Amino acid sequence: MAESECIFCRIVNGEIPCAKVYEDDAVLAFLDLGPMAKGHTLVVPKRHCENLLAFPEEEAPALIAALKKVGNAVMQATGAGGFHVLQNNFPAAGQTVFHLHWHIIPRSEGDGMSLWAQGTYGEGEMAELAASIAERM
């Protein structure tokens, strides 16, 4: 996707308004239009890249610092007892906007939100898969 067509690039460039909560040289954070919980915030690198695999590693410290600041502020503003930091890569994982971004979702005890059911491995399956992943590093 061309940056000129990317909705998050257009937000970063000021072409589309947002409910901005944080901005620095590398990152913009704004409230999600379809929140999973009040205060659900998106943290977006200003530089366009489609997913985590395309993200320049040297930009990670600024991003982590922003995630910490925004997560703390969201918890304080919403009275949440915790928060999720979620990030999807590729359509199979639920990515629908192809500009790297993180979701900060405030959570409270008993809020009814559920993310996933846990699975299990068969006999020897865990060790086999771990070895397969490790050999591809």
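Relative to the first principal axis of the alpha-carbon coordinates of the chain, what is the inclination of helix 60-78, with its axis defined by its Cα atoms, in degrees from 0 to 90 and to the nearest 10? Once rounded, the angle reads 70 degrees.
Here the Karplus relation 6.51 cos²θ - 1.76 cosθ + 1.60, evaluated at θ = phi - 60°, turns the backbone of the stretch 24-29 into coupling constants of 9, 5, 10, 9, 10, 10 Hz, with x for every Gly and Pro. For Arg107, the residues whose modelled amide H falls within less than 5 Å of its own, excluding neighbours fewer than 5 places apart on the same chain, are Gly81, Gly82, Phe83, His84.
Between amide H atoms placed 1.01 Å from N, distances below 5 Å from Leu28 occur with Val44, Lys46, all of them 5 or more places distant or on a separate chain.
With the highest mean first, a sort of the peptides 118-126, 28-36 on other beta-carbon atoms found within 10 angstrom per residue produces 28-36, 118-126. Compared with the dominant principal axis of the Cα atoms in the chain, helix 125-134 is inclined by about 60°. Note on Arg10 and Ala92: their simple-model spin labels are 3.0 nm apart, each label 7 Å out from Cα toward Cβ. With protein chains left intact and a 1.4 Å probe, residues in the stretch 1-111 average 57 Å² of accessible area per residue.
The values are calculated or read from the model by the stated rules, or taken from the named source; none is laboratory data. Not measured: the values here are computed from a predicted model. Here Cβ is always computed from backbone atoms with ideal geometry, including for glycine, and neighbour counts include all displayed protein chains. SASA here: full protein model, heavy atoms, side chains in, ligands and nucleic acids out. Shrake-Rupley method; radii C 1.70, N 1.55, O 1.52, S 1.80 Å.
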